[in-house]
Amino acid sequence: QVQLVESGGGLVQAGGSLRLSCEASGRIFSSAIMGWFRQAPGKEREFVARIRWSGDSTYYADSVKGRFTISRDHAKNTVYLQMNSLRPEDTAVYYCAADSRGTWSRYDYWGQGTQVTVAS
């Protein structure tokens with residue numbers, strides 16, 4: 001029903017910025033939650049940010065507060081993650097996910113990920 005495709009990853013130097021996009025196909029209901037996660041080699045997947053599809057409520061991991069901003073465009077069926085002041089420890093594969101039922105606990109759709117590499 002829903003397919004998510006991430007884009008916008010790449011190689012940047014420390015202190016630089018990147019904007020990730022997550023385009024969704026299929027219908028996204030107003031109650032859905034959209035989130036960004038990341039996973040570095042040898043580490044567990046970790047939560048980065050989330051946003052309510054309808055409305056502007058957001059929540060961020062402590063590690064990215066003040067540096068990353070999540071947003072969405074209903075007309076384009078797209079969620080964004082603006083990443084500023086990037087650090088080497090931000091290097092990871094970033095995944096977009098959808099909690100289609102708005103449970104705040106279960107993400108039932110996932111993208112394939114986009115690589116972000118931050119050089120020191």
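The values are calculated or read from the model by the stated rules, or taken from the named source; none is laboratory data. Model, not experiment: these values are computed from the prediction. Quick reminder, even Gly has a Cβ in these numbers, built from the backbone with ideal geometry, and neighbours come from all protein chains shown. For accessibility, only protein heavy atoms count, side chains too; no ligands or nucleic acids. Shrake-Rupley method; radii C 1.70, N 1.55, O 1.52, S 1.80 Å.
For the range 74-82, indicate whether the set of residues that are more than 20 Å from Gln112 (Cβ to Cβ), open to solvent by 60 Å² or more (accessible area, probe 1.4 Å) and at pLDDT below 95 is non-empty. Yes, that holds for at least one residue. A single member of Gln13, Gln3 is out of contact with any Gly (no Cβ under 9 Å at 6 or more places or on another chain) and among the polar types (S, T, N, Q), and it is Gln13.
For Asp56, are the conditions met, namely being under 17 Å from Asn84 (Cα atoms) and either more than 12 Å from the chain's Cα centre (by Cα) or of a type in the set (Ser, Thr, Tyr) (or both)? For Asp56, the condition - under 17 Å from Asn84 (Cα atoms) and either more than 12 Å from the chain's Cα centre (by Cα) or of a type in the set (Ser, Thr, Tyr) (or both) - is not met. The residues listed here are Ala32, Ala97, Ala24; of these, the one that is surrounded by 12 or more Cβ atoms within 10 Å (Cβ to Cβ), modelled with pLDDT of 95 or more and of a type in the set (A, V, I, L, M) is Ala97.
Scanning the range 60-87 for residues that are part of a loop (DSSP other than H, G, I, E, B), under 14 Å from Phe29 (Cα atoms) and under 15 Å from the mean Cα position of the chain (by Cα) turns up just one, Asn77.
Filtering the range 49-67 to residues that are within 23 Å of Ser100 (Cβ to Cβ) and buried (at least 17 other Cβ atoms within 10 Å of the Cβ) leaves Ala49, Arg50, Ile51, Arg52, Trp53, Tyr60. Taken over the range 9-36, the criterion of being under 18 Å from Arg50 (Cα atoms), assigned to a loop (DSSP other than H, G, I, E, B) and under 17 Å from the mean Cα position of the chain (by Cα) is satisfied by Ile28, Ala32. Look at (1) over 18 Å from Ser17 (Cα atoms); (2) small (Gly, Ala, Ser); (3) in contact (Cβ under 8 Å) with a residue 24 or more places away in the chain; (4) surrounded by fewer than 20 Cβ atoms within 10 Å (Cβ to Cβ) and you find that Ser85 fails only one, number (1). Each residue in the range 88-117 was checked for being assigned to a strand (DSSP E or B) and among the β-branched types (Val, Ile, Thr), and 4 of them qualify.
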